[in-house]
Amino acid sequence: MHLQERAFSVGALASAVLLALLIALPGAGGGARADLGGDSGTNDPFKEVRALIVNEQYEAALVKLDGLQQSQAKNADLYSLKGFATRKLGRYQEAEGYYDQALAIDDEHIYALEYLGELYLETNRLAEAEKVLERLDDACGFFGCEEEEELKQAIAAYKAKKGG
């Protein structure tokens with residue numbers, strides 16, 4: 001094999017490996033997680049809950065989550081989803097407690113971080129939302145993630161609305 005052919009083969013291999021990594025890394029643009037977190041497979045214990053939330057059936061989602069409490073007590077998604085549903089119902093203090101529980105289990109839970117930042121904006125706590133954005137930036141890593149971008153956009157919209 002000539003030197004030029006070998007260089008091409010190594011370059012093609014490196015490109016393929018990089019592409020595979022980009023697809024596999026969470027937050028790198030190719031993840032399989034839905035916007036509300038979790039996996040998209042059949043093993044997702046929260047699949048029904050996510051469907052209820054997407055359809056804005058927050059009370060029904062909370063009932064399902066309560067039913068999963070015992071088996072999923074150490075799963076940060078449980079508390080992140082509880083936080084999301086209660087926040088959408090306007091129960092901000094309760095929602096904040098759930099996000100805190102999710103982050104106590106996984107301090108880089110990108111969904112809980114994004115939603116906590118949104119809660120801070122909804123309760124007029126811009127400085128706290130910006131601190132959460134910094135944490136989300138760290139959690140998402142070099143390539144960033146959709147949740148980080150969404151919180152950035154929410155903060156920008158909040159500032160534009162408030163004139164600051």
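Among the residues making up segment 108-151, those that are touching a helix residue (DSSP H, G or I) at 6+ places or on another chain (Cβ under 7 Å), farther than 18 Å from Phe84 by Cα and touching a residue at least 12 places away in the same chain (Cβ under 8 Å) are Leu126, Glu130, Arg135, Ala139, Cys140, Cys145.
Can you tell me which residue in segment 139-164 is nearest to the chain's Cα centre (by Cα), limited to those that are loosely packed, with under 15 Cβ neighbours inside 10 Å and at pLDDT 95 or above? Here the answer is Glu149.
Conditions: (1) under 26 Å from Tyr120 (Cα atoms); (2) at pLDDT 95 or above. Asp35 meets all but one. Number of the miss? Going through (1) under 26 Å from Tyr120 (Cα atoms); (2) at pLDDT 95 or above one by one, Asp35 breaks only (2). Remark: pairs (first residue in segment 77-97, outside the structural domain of Tyr120 (by TED's automatic domain parsing) and in contact (Cβ under 8 Å) with a residue 24 or more places away in the chain; second residue of a type outside the set (Gly, Ala, Ser) and surrounded by fewer than 24 Cβ atoms within 10 Å (Cβ to Cβ); Cβ separation under 9 Å; 6+ apart in sequence or on different chains) are absent.
The condition of being in a helix (DSSP H, G or I) and over 14 Å from the mean Cα position of the chain (by Cα) holds for only one of Ala112, Ala85, that being Ala85. Taking the criterion of being assigned by TED's automatic domain parsing to the domain that holds Glu134, modelled with pLDDT under 95 and loosely packed, with under 12 Cβ neighbours inside 10 Å, would at least one residue in segment 42-58 satisfy it? Yes: segment 42-58 contains one or more residues that are assigned by TED's automatic domain parsing to the domain that holds Glu134, modelled with pLDDT under 95 and loosely packed, with under 12 Cβ neighbours inside 10 Å.
Conditions tested, residue by residue: (1) of a type in the set (Asp, Glu); (2) within 17 Å of Lys152 (Cβ to Cβ).
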site: Leu113; (1), (2): no, yes
site: Thr123; (1), (2): no, no
site: Glu128; (1), (2): yes, yes
site: Glu134; (1), (2): yes, yes
site: Ala139; (1), (2): no, yes
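Residues of segment 97-119 that are among the acidic types (Asp, Glu) and crowded, with 17+ Cβ neighbours inside 10 Å: Asp106, Glu114, Glu118.
The values are calculated or read from the model by the stated rules, or taken from the named source; none is laboratory data. The structure displayed is predicted, hence computed values, not measured ones. A quick note on method: Cβ atoms are made from the backbone with ideal geometry, for glycine too, and the neighbour counts reach across all protein chains shown.
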